[in-house]
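Only one structure is covered here, and it is reproduced in the block below.
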Amino acid sequence: MSWKDGGQFPDRREVLWSVILLAGVSLVTWAVFASVRYQWHWEALATRLPQVMAGWGWTLVISAVALVASVLLGLGLMLGQRSGLTPVRLLCRGYIELVRGTPLLVQLLLGYYILANALHVNARMPVGIVLLAMFEGAYFSEIFRGALESISATQLEAARAVGFDSRQIWRYVIFPQAMRRALPGSAGQMVSLIKDSSLLSVIGIEEVTRKVQLMNASAYFGLEGFIPLALLYLALTLPLSWWTRQLEAKFRYET
């Protein structure tokens, strides 16, 4: 992707091709919808749109809280894997393998209907956010670990040779490079977190996906609710992707 002025403004040719591509996709989409033998009822959707927007607001809150919690958990798990204590290292590694090796849907069902029920916790929203953060944190941990371990030992030796102490090495050598290298993977995981929040509907949390399901059931819709649902998720994921690209451009340097 070509950018001018340090990633602030796209190239004119790129803008032109983006417009052409958008027009082509819009034309194909219109042709597909025109050929579908289905009677759309958009007027009924308009009366229930406030309910969907309320669910979208909860999706935004859930995603934001779970994102902060999962990043913090990922950092903790990453540091735990580098611990000198063998039990801590094995515990963190085992947790990561267990979480990454099982589906989120299964973890939500077991976590809420078995674990939370055994602990007499009936608050669906906090439990759902914790379970989502625990799932995503395992993936963030591996992203952070890969970024950290990609920094060569020669750079650390060079930093010590010029008189840097451990704090300065982390601040000026390790952290800036690890952050830059972790950005692409972290951006993809953030987008996945937002989309994975739709699975919280299986435990009764009325985020936007659950609201659309209830709306479809009450109004006997087939497809009308899912098109706005896709657009609402894009309204969350596209700005996030753009923001992370700006960060990548800001921290980019010539190698």
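The values are calculated or read from the model by the stated rules, or taken from the named source; none is laboratory data. From a predicted model like this one, the values you see are computed outputs, not experimental measurements. Backbone-built Cβ (ideal geometry, glycine too); neighbour counts: all protein chains shown.
One line per residue, one yes/no per condition, for (1) touching a Ser or Thr at 6+ places or on another chain (Cβ under 8 Å); (2) more than 24 Å from SER63 (Cα to Cα):
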{"position": "LEU156", "(1), (2)": "no, yes"}
{"position": "VAL162", "(1), (2)": "no, yes"}
{"position": "ARG167", "(1), (2)": "no, yes"}
{"position": "TYR172", "(1), (2)": "no, yes"}
{"position": "PRO184", "(1), (2)": "yes, no"}
{"position": "GLY188", "(1), (2)": "no, no"}
{"position": "ASP196", "(1), (2)": "no, no"}
{"position": "ALA217", "(1), (2)": "no, yes"}
{"position": "PRO228", "(1), (2)": "no, no"}
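In the condition set (1) surrounded by fewer than 19 Cβ atoms within 10 Å (Cβ to Cβ); (2) among the β-branched types (Val, Ile, Thr); (3) closer than 22 Å to LEU115 by Cβ, VAL191 is compliant with all but (3). Of all residues assigned to segment 122-129, at least one qualifies as being assigned to a helix (DSSP H, G or I) and closer than 23 Å to ALA187 by Cβ.
A Cβ distance below 6 Å, combined with a sequence gap of six or more or placement on separate chains, defines the contacts here; from segment 101-119, residues that are over 18 Å from SER198 (Cβ atoms) reach residues that are assigned to a helix (DSSP H, G or I) and not aromatic (Phe, Trp, Tyr) in the pairs ALA116/VAL127.
For LEU148, the requirement of being over 19 Å from ALA66 (Cβ atoms), touching a residue at least 60 places away in the same chain (Cβ under 8 Å), in the same structural domain as ARG167 (by TED's automatic domain parsing) and among the aliphatic types (A, V, I, L, M) is met. Scan segment 106-130 for residues that are of a type in the set (Gly, Ala, Ser) and more than 21 Å from VAL61 (Cα to Cα) and jot them down. Once the filter is applied, which keeps residues that are of a type in the set (Gly, Ala, Ser) and more than 21 Å from VAL61 (Cα to Cα), segment 106-130 yields ALA116, ALA118. Scanning segment 86-117 for residues that are farther than 20 Å from LEU200 by Cβ, exposed (fewer than 14 other Cβ atoms within 10 Å of the Cβ) and over 26 Å from the mean Cα position of the chain (by Cα) yields a count of 3.
Look through segment 153-206, keep the residues that are among the β-branched types (Val, Ile, Thr) and over 30 Å from LEU232 (Cβ atoms), and return whichever of them is farthest from the chain's Cα centre (by Cα). The qualifying residue farthest from the chain's Cα centre (by Cα) is VAL162. Residues in segment 200-235 that are small (Gly, Ala, Ser) and either within 10 Å of VAL52 (Cα to Cα) or surrounded by fewer than 18 Cβ atoms within 10 Å (Cβ to Cβ) (or both): GLY204, ALA217, SER218, ALA219, GLY222, GLY225, ALA230, ALA235.
Evaluated against (1) of a type in the set (Gly, Ala, Ser); (2) part of a helix (DSSP H, G or I); (3) without any contact (Cβ under 8 Å) to a residue 24 or more places away in the chain, ALA178 falls short on exactly one condition, (3).
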